[in-house]
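Data first, discussion second: the structure below is written as structure tokens.
The values are calculated or read from the model by the stated rules, or taken from the named source; none is laboratory data. Everything quoted here is computed from the prediction, not taken from an experiment. Don't worry about glycine lacking a Cβ; one is built from the backbone with ideal geometry, like all the others, and counts go over all protein chains shown.
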Ligand SMILES: NC(=O)c1ccc[n+]([C@@H]2O[C@H](COP(=O)([O-])OP(=O)(O)OC[C@H]3O[C@@H](n4cnc5c(N)ncnc54)[C@H](O)[C@@H]3O)[C@@H](O)[C@H]2O)c1
């Protein structure tokens, strides 16, 4: 038990929803390294990939169920087969999907967490770490955005994530559940989906350059983001497990801002691409600025951040290696 009376990661049975995805699969690796007894993954492989779990599955202490966490029966059979103490909820459908199927992007974000909260209310597991997103804040009303910043979602993806946060907070108030919220800002790193319309800016640009397709910039590219290396996020989530009070949320972010235009230029330089960049119209609902406050997390854990240049270099090297196999 931690000082919070929460089961420790070491020796626990842990469920990770969306664990074959980008952040989830790194989390699975770290949980296993921390000595989790068993890590069970439920992922419908919407954007996730079994290959992301290759190392984890080889340990013999991880299991993957290709199933839908929006269906409570799918979660229920997992709970009858496995002794689960802790749940990390990473399942989501990518932000870009909300421009294609706004209603489902919203409902996935809401239904998965409601299923989990109902299971927790019935005593099926002890503690829930729910993954929120900086997108719930919308464009900054004040800067840097701390945890008290108003929630102003500008997409149905973010609206679903904001609703999920409210669900977690209200279940804690109503039923005294041990649940809390971690709120990462933009993550980058190996294993982030690079395929098609749902891919984020770093992977899609790497994919385009490696396939001889011109990279794209939407609008002026002046919108800025706070990019954090996925290993730093997962390291923070593991440390927060021991100290995070129930019902609270915490930003996981850096102190750095980079504009999308500068980011594209940095990727091109790193990949030795000297061609043009195609200008596309600005995307509706693009949040202009995400300048985060990480004061709270700094006060809670020993917080170490990888310099962006190094993280980006490692990430692009991974894409070069991985995408080359498919080109
Ligand atoms: N990547 C980021 O920059 C970022 C930033 C802030 C917050 N987050 C949050 O972190 C969490 C993980 O994000 P990610 O970047 O790893 O995304 P991801 O798309 O790589 O992973 C999400 C996983 O959920 C799975 N999934 C989708 N619907 C499902 C369902 N109904 N049942 C089971 N599995 C389902 C997908 O197949 C995928 O593997 C999410 O909650 C996301 O909102 C991510």
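Taking segment 48-70 as the range and being within 14 Å of the ligand (Cβ to nearest atom) and exposed (fewer than 15 other Cβ atoms within 10 Å of the Cβ) as the test, the residues that pass are 50, 51, 66. Filtered by the rule that a residue be within 24 Å of residue 12 (Cα to Cα), outside any helix (DSSP H, G or I) and within 13 Å of the ligand (Cβ to nearest atom), segment 71-91 gives 87, 88, 89, 90, 91. Please find, within segment 1-22, the residue that is farthest from the ligand (Cβ to nearest atom) out of those that are assigned to a loop (DSSP other than H, G, I, E, B) and closer than 21 Å to residue 52 by Cβ. Ranking the candidates gives 9 first. Number of residues in segment 123-137 that are within 11 Å of the ligand (Cβ to nearest atom) and in contact with a helix residue (DSSP H, G or I) (Cβ under 6 Å, 6 or more places away or on another chain): the value is 5.
Going through (1) within 16 Å of the ligand (Cβ to nearest atom); (2) at pLDDT below 95; (3) out of contact with any helix residue (DSSP H, G or I) (no Cβ under 7 Å at 6 or more places or on another chain) one by one, residue 241 falls short only on (2). Residue count for segment 189-217 under the criterion of being closer than 20 Å to residue 291 by Cβ and more than 13 Å from the ligand (Cβ to nearest atom): the result is 0. Within segment 217-225, none of the residues are surrounded by 21 or more Cβ atoms within 10 Å (Cβ to Cβ), at pLDDT 95 or above and under 22 Å from the mean Cα position of the chain (by Cα).
For segment 212-252, the set of residues classified as closer than 13 Å to residue 131 by Cα and assigned to a strand (DSSP E or B) consists of 249, 250, 251, 252, listed by residue number.
Residues checked against (1) within 12 Å of the ligand (Cβ to nearest atom); (2) modelled with pLDDT of 95 or more; (3) in contact with a helix residue (DSSP H, G or I) (Cβ under 9 Å, 6 or more places away or on another chain):
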| position | (1), (2), (3) |
| --- | --- |
| 104 | yes, yes, yes |
| 108 | yes, yes, yes |
| 121 | no, yes, yes |
| 139 | no, no, no |
| 143 | no, no, no |
| 156 | no, yes, yes |
| 160 | yes, yes, yes |
